1. Can you list residue pairs whose Cβ atoms sit under 8 Å apart, with the first residue in the range A:12-33 being more than 7 Å from chain B (Cβ to nearest Cβ) and under 19 Å from B:T131 (Cα atoms) and the second being among the β-branched types (V, I, T) and in a helix (DSSP H, G or I)? Count only pairs 6 or more apart in sequence or on different chains.
2. Can you name the residue in the range A:17-34 that is part of a helix (DSSP H, G or I) and among the aliphatic types (A, V, I, L, M) and, of all such residues, is modelled with the lowest pLDDT?
3. Report, by residue number, each residue of the range A:89-104 that is over 19 Å from the mean Cα position of the chain (by Cα) and facing chain B (nearest Cβ under 7 Å).
4. Mind listing whichever residues of the range B:154-178 are hydrophobic (A, V, I, L, M, F, W, C), out of contact with any Lys or Arg (no Cβ under 6 Å at 6 or more places or on another chain) and buried (at least 18 other Cβ atoms within 10 Å of the Cβ)?
5. Scanning for something surrounded by 15 or more Cβ atoms within 10 Å (Cβ to Cβ), of a type in the set (D, E, K, R) and modelled with pLDDT of 80 or more, does the range B:9-24 turn up at least one residue?
6. Going through the range A:22-36 one residue at a time, which ones are under 26 Å from B:L22 (Cα atoms) and surrounded by fewer than 22 Cβ atoms within 10 Å (Cβ to Cβ)?
7. Return the residues of the range B:120-152 that are at the interface with chain A (Cβ under 7 Å from one of its Cβ atoms) and farther than 22 Å from A:T34 by Cα; say none if nothing qualifies.
8. Identify, from the list A:A110, A:A127, A:A118, A:A131, the residue that is farther than 22 Å from B:A130 by Cβ and modelled with pLDDT of 80 or more.
Amino acid sequence: MQPEPGSLARPDSPKTLFFAFTGLALQGFGGVLTVAQRVICEERRWLTREQFLEVLAVAQVLPGPNVCNLALMVGDRFFGWRGAFAALAGMTAVPLAIVLVLTALYTQFALYPAVAGALKGMGAVAAGLIAGTALRLGSALRYSPLGVPVCVGLGVLAFAAVALLRWPLVWVLLGLGVVACVYAWTRLRAAENARAH
Amino acid sequence: MASALSTLDWLTLFGHFLLLSLLSIGGAITVVPDMHRVLVEQMGLLNDTQFSASIAIAQASPGPNVLFVAVMGYQAAGLLGAAATLAGIMLPSTTLALAAGRWGHARREWRPVRAFKAGMAPIVIALLLATGWILSAQTPGWRHVLLAVAAAVLVWRTRVHLLVLVAAGALVGALGWV
C-alpha cells in the first residue's frame, strides 16, 4: 500500500544509490521504469508514488532518456551532484558493459529461430510492463487537485493523440499539457482561497 | 566494421547526437528516425539490419533502453564509436535535467510548479500507456498482444517478480507461441 510520508526512508550514501540503481537496472529488461517504481517507492521507500510521479513528470517533459533523467533527479535530491552522478552511473555502467558483450555475440545468436522468438516474447512482456506501471501509478491520481474525472479525461485524450493518432509528442505536451497545467493552477488557487476564508 | 573514420566523421557523429539529445523529448527512441537518416543514409556507417538489431539487442538486454545508442555507435565504429554516440546523447539532456530538477525542487511549494506537476501527472500516465500500446502493436498477431496484456495486469495487480515475467515471455517466445 501507499506508504505514509512519515515512513519514508533515505539512502545512507551515494554508494547505496549506485548499487540500488545498478540492481534495478539489471532487473529491467526492455525498460527500467517498472523496476524503478517498485524499488524506489515500494522496496526502498525513498519516494511516495505521488513524489515518483512528480519527478517522472519533469523527467518526461525534458529531452533525454526518462529513466536516466529520473535517476539524476532522485540522486540529486538526496546527495546533490554526487548523488546524481552515482545514480546515473549505477543505472548505466554495468548494463552498458553487458549490452556491448551481447552485441559482440549477436551475429552468432541471431541465426537461431528460438532466440528470435525469445526476443519477440520479451518484447511483448516489456510492452506490458510499461502499461502495467502506468496503471499502478494511476492510483496516485486519487489525490490530484484536478479531480479523478478530469484526470481520466485528460489521460484518454493524451492516449488517443499519441497512441492512436500518432501526433508528435511535442504538440501533445504543448497543447494538452498547457491546458492541464492552467486548469490545475486555477484549482490550486481556488483551494488556497477557500482555505484563506 | 568501419574503423577508418576521419576527424570530420567523428565530429559529425558526436555533434549529431549532441543535437538529437536536446530534441529527444519522450526518450531517445523518439529520435530514431533521424538517427537512421544520419547513420544509415547519410554516413553509411550501418546497414538496415544492423540498425534495427541495435534496438532489439538493447531491449532484450537489462538496463535503460537508451543503450541502443551505444550499440549503434559500437557497430559503426567500435568502442570509441559507442563512447561518442552515448556521450553525445546523454551530455546535453542530463545537464538540463539536473538544472531543471533543482529549479523545480527549490520552488516546489510555488503554485505554478505544483500546477505543472498536478497537470502533467495524468498525461504522463497516458504516455506510458501509449508507449506500451505502440510497442506491442509493432508486431502483428493477437497472441503477442495477449501476452502484453497479461504482463500488464500482473504488474498492476500483483507483486510477482518482474524477472519471472520476462523469463516467461522469453520461454513462450522461444517455444514459438507468440
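The values are calculated or read from the model by the stated rules, or taken from the named source; none is laboratory data. Note that the structure is a prediction, hence the values are computed from the model and not measured. Note that each Cβ is placed from the backbone with ideal geometry, even for glycine, and that neighbours are counted across all protein chains shown.
1. What qualifies is A:L33/A:V67; A:L33/A:I130; A:L33/A:T133.
2. First, pick out the residues of the range A:17-34 that are part of a helix (DSSP H, G or I): A:17-27, A:33-34.
Adding the requirement that they be among the aliphatic types (A, V, I, L, M) leaves A:17, A:20, A:24-26, A:33.
Details: A:L17: 96, A:A20: 97, A:L24: 94, A:A25: 95, A:L26: 94, A:L33: 89.
Selected residue: A:L33.
3. Once the filter is applied, which keeps residues that are over 19 Å from the mean Cα position of the chain (by Cα) and facing chain B (nearest Cβ under 7 Å), the range A:89-104 yields A:L96, A:I98, A:V99, A:L100, A:L102, A:T103.
4. If the condition is that a residue be hydrophobic (A, V, I, L, M, F, W, C), out of contact with any Lys or Arg (no Cβ under 6 Å at 6 or more places or on another chain) and buried (at least 18 other Cβ atoms within 10 Å of the Cβ), then B:L154, B:V155, B:L162, B:L165, B:V166, B:A168, B:A170, B:V172, B:A174 are the ones that fit.
5. Checked the range B:9-24: at least one residue is surrounded by 15 or more Cβ atoms within 10 Å (Cβ to Cβ), of a type in the set (D, E, K, R) and modelled with pLDDT of 80 or more.
6. The one that is under 26 Å from B:L22 (Cα atoms) and surrounded by fewer than 22 Cβ atoms within 10 Å (Cβ to Cβ): A:T22.
7. none
8. Working: A:A110 fails: modelled with pLDDT of 80 or more; A:A127 fails: farther than 22 Å from B:A130 by Cβ; A:A131 fails: farther than 22 Å from B:A130 by Cβ.
Being farther than 22 Å from B:A130 by Cβ and modelled with pLDDT of 80 or more holds for just one of A:A110, A:A127, A:A118, A:A131, which is A:A118.
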